[in-house]
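Chemist: Quick one: the structure is below, questions incoming.
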Amino acid sequence: RKEKCMKPILVEVCADSLESAQIAQKAGAQRIELCSALSCGGLTPSAALMEYTKKKVTIPIHVLIRPRSGDFLYSDDEIQIMCRDIEIAKSVGVNGIVCGVLTPLGTVDIKKLQILLEAASPLKISFHRAFDMLKDPFACAAVLKDMGVERILTSGQKPSAVQGTKMISDLISIFGNKLIIMPGAGINEKNVKAVITATGATEVHLSGKSIKNSDMIFRNESVVMGSPHSLSEFEHYIADEYIISRAIKSINE
């Protein structure tokens, strides 16, 4: 196990609404990853959500560019859609872009990622958890570093960052001075300090969410708009100020 890094720890909160972004800022988060549809891993937020969050939130905002759910194998048309979304994000003044593109063989799609990097310039790109689907993560991390990617969000190719601390620690040991390795997935107020201690990470990613019940009085409970396994139409996830603030406090205890 590594000793706890003495550098200040940056906490990034993933938010899929303006309200969640505002709550995260109030709780002490230092950066927002803005998306929509957090329930499916996050998709590109709308232009209006980008614009209004930038107006209402003062901490840095990185925008997720993911045009659909599912894999990270994108067509040329989808890459063009992603480029347009990047243009919109830049136009409202966001601070960074989050994306990931793979080949069918589980490597970084260098050609298509380069298109996104050029579209994002001068903003930096973070490579999201598409990284956890790579066949050879260490070789691909070296590729991403050489391409100028700023950070990698990863669970260490495990279901949660807690389970993936060995790979995360190894990535930080190899690339830590040239590429930010940010643990994410399953991090909460109870385990965030352990993840940081085990890996030496200087940034962590969490959603800090809880379920909010709807204020609807009339409810037609027989209709389901999405998957029957998802939350009902009368509840949704929202950033929880207590959970986020407790996570931040626990880091320094």
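The values are calculated or read from the model by the stated rules, or taken from the named source; none is laboratory data. Owing to the predicted nature of the structure, the values given are computational and were not obtained by experimental measurement. Here Cβ is always computed from backbone atoms with ideal geometry, including for glycine, and neighbour counts include all displayed protein chains. Remember, those area values only see protein heavy atoms, side chains included, never the ligands or the DNA or RNA. Shrake-Rupley method; radii C 1.70, N 1.55, O 1.52, S 1.80 Å.
Chemist: Plugging the Kirkwood radius over Cα pairs into Stokes-Einstein for segment 1-91, at a temperature of 25 °C and a viscosity of 0.890 mPa s, what D comes out in µm²/s? Let's see the in-between values first.
Modeler: Values: Rh = 14.2 Å.
The Stokes-Einstein estimate is 172 µm²/s.
Chemist: Let me ask something else. Across all directions of projection, what mean area in square nanometres is found for the Cα convex hull of segment 4-48?
Modeler: Mean orientational projected area (segment 4-48, Cα hull): 4.1 nm².
Chemist: Amide H neighbours of Tyr74 under 5 Å, counting only residues 5+ apart in sequence or on other chains, H built in-plane at 1.01 Å?
Modeler: Result for Tyr74 returns Leu102.
Chemist: Can you tell me which of 54-63, 74-83 comes out highest on packing, and rank the rest after it, using the mean Cβ neighbours within 10 Å?
Modeler: On the way: 54-63: 17.6, 74-83: 15.3.
By packing density, highest mean first, the sequence is 54-63, 74-83.
Chemist: Okay, moving on. In debye, nearest 20: dipole of the chain around its Cα centre with unit charges on the Cβ of K, R (+) and D, E (-)? Don't jump to the answer; show the numbers that get you there.
Modeler: On the way: 30 positive and 28 negative charges, 173 e Å.
My answer is approximately 840 debye.
Chemist: What does the convex hull of the Cα atoms come to per residue for segment 23-138, in Å³?
Modeler: Taking the convex hull of the Cα positions in segment 23-138, it is 110 Å³ per residue.
Chemist: Please list the non-local residues whose amide H lies under 5 Å from the amide H of Ala37, H modeled 1.01 Å from N, same-chain partners needing a gap of 5 or more.
Modeler: Leu43
Chemist: Can you give me the relative contact order of segment 132-189 as a percent, contacts being Cα pairs under 8 Å and 6 or more apart?
Modeler: Dividing the mean separation by the residue count of segment 132-189 yields 37 percent.
Chemist: Using per-residue counts of other Cβ atoms within 10 Å, averaged over each peptide, order 242-252, 212-222 from highest down. Spell out each step's value before the answer.
Modeler: Working: 242-252: 17.5, 212-222: 8.4.
Ranked by mean Cβ neighbours within 10 Å, highest first: 242-252, 212-222.
Chemist: Right, something else. Put Met225, Met133 in order of accessible area, largest first, 1.4 Å probe: what do you get?
Modeler: Details: Met225 150, Met133 125 Å².
So the residues, ranked largest to smallest area, are Met225, Met133.
Chemist: Then there's this: Just the number: Rg to Rh for the chain, Cα atoms, Kirkwood Rh, two decimals. Working shown, then result.
Modeler: On the way: Rg = 17.9 Å, Rh = 18.6 Å.
That ratio is 0.96, to two decimals.
Chemist: May I pose another question? Probe 1.4 Å, all protein chains in place: accessible area of Met167 in Å², nearest 10?
Modeler: Roll a 1.4 Å probe over it and Met167 shows about 40 Å².
Chemist: Hey, if you drop one equal point scatterer on each alpha-carbon of segment 150-253 and run the Debye formula without solvent, what base-10 log of I(q)/I(0) do you get at q = 0.17, 0.23 Å⁻¹?
Modeler: Debye intensities relative to I(0), on a log10 scale: -0.80, -1.12.
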